[in-house]
Amino acid sequence: MTPSAPSLARRLLRHKVVKPAVFVLCLLPLLHLVWRGLSDDLGPNPEQTVIWTTGLWALRLLLLTLAITPLRKLSGWAELARLRRLLGLFAFAYAMLHFTAWFGLVNGFHADMALHDIVRHPFVLAGMTALLLLLPLALTSTNGMIKRLGAARWQRLHRLIYVAGAVAVFHFWWGKLAKNNTATPTAYAAILALLLGLRLWWAWRAARNRRGAGAQGSSRSLA
Amino acid sequence: MSKRRDQGFEHPVASDITPREMYRDRRHWLAAAAVGAAAGVAALTSRHARALSQAATQGAPGKLPALAARNNSAFSTTQTPTPYKDIVTYNNFYEFGTSKSDPSQRAGSLRTRPWTVVVDGEVHKPRTFGIDDLLKLAPMEERIYRHRCVEGWAMVVPWLGYPLSHVLKAVEPTANAKYVQYITLLDPAEMPGQNDPILQWPYLEGLRLDEAMHPLTLLTFGLYGEVLPNQDGAPLRMVIPWKYGFKGGKSIVRIQLVEKQPVTSWMRAVPQWYGFYSNVNPDVSPQNWSQATERLIGQGGAFGGLFAPRVPTQLFNGYGAQVAHLYQGMDLRRFF
């Protein structure tokens, strides 16, 4: 594919309806949950339904955010990058809902109870950590903040999402251990490993190419 | 807060555990009591009866065979039973899948007749009971027990059964018998969840002999006036109300008296979290989450009761007056 003739997919991705459409798609799990609540369809244990659903979507959106760059590189669809911030912010929003549901419904908004739970149980601590790692990323997600921080520093800060992703998957895995049923978290861990592994591979190849180019350059200068 | 611990079957803080409507009802009753104590007592009795019949008509579909029993109020809580539909659709029964809705959707494959239960091990008279012999072995009682799951939710269930001690006495345990283990059916064709190696099958649970002989320990055949639905452990299961729900083995085919403490399915799977005793204890939570409070299922309200407050969990699930002596001098943190 020549760069002068963008594919149909790329032209579609450029359409102005794409971002609002993705926005609405990201809202659907929440709207569905509210709909279930209003129609008394949250199941016998609504607390658990709300906590699990919001947590699961936070993790899914986090992985989707992390998938954007690899997908962009593999497909060559540069336009995908436009969706990354939106997805990342939605991941954070669902994580906040997940936290609020736990804090409010399980702990009745009692900070002492919640703190007790956090220090006593690594599973809860992991969830808290993932949320706190995402917080500075959400706060610095605006164009203004990118300018203020400078692109290089901003990019370095936003590598925290790799750690947040790993901690969040660990939190999920640790939670499912209670049921001794870790098949789903293991699948999520595999996807995360693939997404982070690709980045490592590309970074390693880029470093090798730089070294290779440097070596070539020096040999040429010798010639 | 005026917490009263170990008050037997009475919950410590009534306002914390009673559904709001009932609580308001009680306010009316208190007003009535001011007029005359006799009127008050009548109101209380009828309130309880009304709650029970209401609960029964709300749920029990009458599709399963009825099981006659007399109510044993001495062993029953006065709390309103959880609606039948919640008790039969919100189940942990991994033999049919790990999701709460799996058992009610998939347990139809279980055939509960004919059914036999082998009772053997350290006994003088090992026996194999047919299910019909077991149903007639002792008078059937209805007991309304609190049920606390280790996951942090709770129900109130009108079980039908009789103390396990009747069966144990019938086989005459030897002096070597120190523990009782009970084993669930192993049949992956009828129990598709057993194709998943989530736990070591068959499911095995156990009690110390004195726990097993305790009058609260119920060999259970029914709920809500009918035989057990498959998803709740038909045709017979164990109910130990002061322990977490997973101690109550379902669809039992063998009861063995043994000398050594059994290694249960959950002890084998996640030993750091699930101990042999697994007594309900708000202060000990080796698992991932706090056991301090619980979510009472089926209270109703806006968003399916989403915003109803949790209630504090009681030591031994509120049955301390009856069972605390079994653990005298034991460190409950160590023997969790």
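The values are calculated or read from the model by the stated rules, or taken from the named source; none is laboratory data. A quick note: this is a predicted structure, and the numbers were derived from the prediction, not measured. When we count neighbours, we look across all protein chains shown, and the Cβ atoms used for this are built from the backbone with ideal geometry, even at glycine.
The residue that is nearest to B:Y90 (Cα to Cα), counting only those in the range B:310-322 that are part of a loop (DSSP other than H, G, I, E, B) and not aromatic (F, W, Y), is B:R310.
For the range A:44-54, the criterion of being surrounded by fewer than 16 Cβ atoms within 10 Å (Cβ to Cβ), closer than 30 Å to A:L71 by Cβ and within 12 Å of chain B (Cβ to nearest Cβ) is met by at least one residue.
So which of B:P103, B:P114 is assigned to a helix (DSSP H, G or I) and over 26 Å from B:Y319 (Cα atoms)? Of B:P103, B:P114, the one residue that is assigned to a helix (DSSP H, G or I) and over 26 Å from B:Y319 (Cα atoms) is B:P103. Being within 28 Å of B:G318 (Cβ to Cβ), surrounded by 13 or more Cβ atoms within 10 Å (Cβ to Cβ) and modelled with pLDDT under 50, is that true of even one residue in the range B:60-76? No, that holds for no residue. I'd like to check something: does the range B:241-249 contain any residue that is assigned to a loop (DSSP other than H, G, I, E, B), touching a helix residue (DSSP H, G or I) at 6+ places or on another chain (Cβ under 8 Å) and either β-branched (V, I, T) or within 14 Å of chain A (Cβ to nearest Cβ) (or both)? Within the range B:241-249, not a single residue is assigned to a loop (DSSP other than H, G, I, E, B), touching a helix residue (DSSP H, G or I) at 6+ places or on another chain (Cβ under 8 Å) and either β-branched (V, I, T) or within 14 Å of chain A (Cβ to nearest Cβ) (or both).
Selection of first residues in the range B:83-104 that are within 14 Å of B:E151 (Cα to Cα) and facing chain A (nearest Cβ under 8 Å) and of second residues that are part of a helix (DSSP H, G or I) and modelled with pLDDT of 95 or more, restricted to Cβ pairs under 7 Å at least 6 apart or on distinct chains, gives an empty result. One residue is enough: does the range B:121-129 have a residue meeting the conditions away from chain A (no Cβ under 14 Å), closer than 18 Å to B:E211 by Cα and free of Cβ contacts under 8 Å to residues at least 60 places away in the same chain? No, every residue in the range B:121-129 fails to be away from chain A (no Cβ under 14 Å), closer than 18 Å to B:E211 by Cα and free of Cβ contacts under 8 Å to residues at least 60 places away in the same chain.
Only residues that are in contact (Cβ under 8 Å) with a residue 40 or more places away in the chain, outside any loop (DSSP other than H, G, I, E, B) and buried (at least 19 other Cβ atoms within 10 Å of the Cβ) were counted in the range B:263-309, giving 7. Picking from residues in the range B:323-336 that are in a loop (DSSP other than H, G, I, E, B) and either in contact with a Gly (Cβ under 8 Å, 6 or more places away or on another chain) or not acidic (D, E) (or both), the one that is surrounded by the fewest Cβ atoms within 10 Å (Cβ to Cβ) is B:G329. Among residues of the range A:172-201 that are away from every other protein chain (no Cβ under 12 Å), those with a beta-carbon under 9 Å from a residue that is exposed (fewer than 13 other Cβ atoms within 10 Å of the Cβ) and hydrophobic (A, V, I, L, M, F, W, C) at least six positions away or on a different chain give the pairs A:L198/A:L74.
Can you find, within the range B:291-336, the residue that is farthest from the other protein chains (Cβ to nearest Cβ) among those that are among the polar types (S, T, N, Q) and within 19 Å of B:H147 (Cβ to Cβ)? Ranking the candidates gives B:Q322 first.
None of B:A138, B:A175 is farther than 27 Å from B:Y90 by Cβ, out of contact with any strand residue (DSSP E or B) (no Cβ under 8 Å at 6 or more places or on another chain) and part of a loop (DSSP other than H, G, I, E, B) except B:A175.
Residue count for the range A:28-62 satisfying the condition of being in contact (Cβ under 8 Å) with a residue 24 or more places away in the chain and farther than 22 Å from A:F103 by Cα: 0.
All but one of (1) in contact with a Lys or Arg (Cβ under 7 Å, 6 or more places away or on another chain); (2) closer than 18 Å to B:R268 by Cβ hold for B:L209, so report the exception by its number. With respect to (1) in contact with a Lys or Arg (Cβ under 7 Å, 6 or more places away or on another chain); (2) closer than 18 Å to B:R268 by Cβ, B:L209 is out only on (2). Quick one: is A:P70 part of a loop (DSSP other than H, G, I, E, B) and either away from chain B (no Cβ under 14 Å) or at pLDDT 95 or above (or both)? The answer is no for A:P70.
Taking (1) within 14 Å of chain B (Cβ to nearest Cβ); (2) over 19 Å from the mean Cα position of the chain (by Cα); (3) hydroxyl-bearing (S, T, Y) in turn, A:S75 satisfies each apart from (1).
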